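Enquirer: There's a structure below that I have some questions on.
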Amino acid sequence: MSTPEIEATVNGEAVRLRLDPRESLLDVLRERLGLTGTKKGCDQGHCGACTVHLDGRRVVSCLTPAVQAGGRAVTTIEGVAGPDGGLHPLQQAFVDHDALQCGYCTPGQIMSGLACIAEGHAADDEQAREYLSGNLCRCGAYAGIVAAVRQTAGEG
């Protein structure tokens, strides 16, 4: 089996990787690049804990072959902080609205929330809920999550 080599930009930094074509983007991020903020939940694309952005669009990284990142920009939760290292406004809104409890789903929720805002799907609570519905929170912090996304959308 051939092992393709790819170049990608991960959180603004160029990386070059030799990959097994079967490796998921999630496994490469966590195990090869040490970016453990992206969580492995169901490993079947159902829970959204592994959500990252690929060229600005959200993807579930557990189902995305890592080779698809070749020549593209990947953003993980580690890449959303401000230039000074401070919290992104959505991260701060999660704190302000108590939108996290155990925190396991939080990185994926934030990445989906950022995409929801960027896509213009946070006009009201119902719309935000619909576009965030692919991310599960076992603690039930949904009201805080929607409030945080809506607050941040209003700031932008």
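The values are calculated or read from the model by the stated rules, or taken from the named source; none is laboratory data. Predicted, not measured: the structure shown is a model, and the values here were computed from it. Cβ: placed from backbone, ideal geometry, glycine included. Neighbour counts: every protein chain shown. Note: accessible area is taken over every heavy atom of the protein model, side chains too, but ligands, DNA and RNA are not part of it. Shrake-Rupley method; radii C 1.70, N 1.55, O 1.52, S 1.80 Å.
Enquirer: For segment 123-154, how many residues are in contact (Cβ under 8 Å) with a residue 24 or more places away in the chain, in a loop (DSSP other than H, G, I, E, B) and either within 16 Å of the chain's Cα centre (by Cα) or crowded, with 23+ Cβ neighbours inside 10 Å (or both)?
Expert: 4
Enquirer: Would you pick out the residues in segment 37-56 that are open to solvent by 10 Å² or more (accessible area, probe 1.4 Å) and in contact with an Asp or Glu (Cβ under 9 Å, 6 or more places away or on another chain)?
Expert: Gly37, Lys40
Enquirer: When both residues are 6+ apart or on different chains and their Cβ atoms are under 8 Å apart, which pairs have a first residue that lies in segment 46-57 and is in contact (Cβ under 8 Å) with a residue 60 or more places away in the chain and on the phi > 0 side of the Ramachandran plot, and a second that is open to solvent by less than 60 Å² (accessible area, probe 1.4 Å) and polar (S, T, N, Q)?
Expert: Close Cβ pairs (under 8 Å, with a partner that is open to solvent by less than 60 Å² (accessible area, probe 1.4 Å) and polar (S, T, N, Q)) amount to Gly48/Gln109; Gly48/Ser112; Gly48/Asn135; Gly56/Thr75.
Enquirer: Taking the options His88, His97, name whichever one is modelled with pLDDT of 95 or more and in contact with a helix residue (DSSP H, G or I) (Cβ under 6 Å, 6 or more places away or on another chain).
Expert: The conditions single out His97.
Enquirer: Sticking with this structure for a sec: Where residues in segment 57-73 are part of a loop (DSSP other than H, G, I, E, B) and touching an Asp or Glu at 6+ places or on another chain (Cβ under 6 Å), which of them is least open to solvent (accessible area, probe 1.4 Å)?
Expert: Cys62
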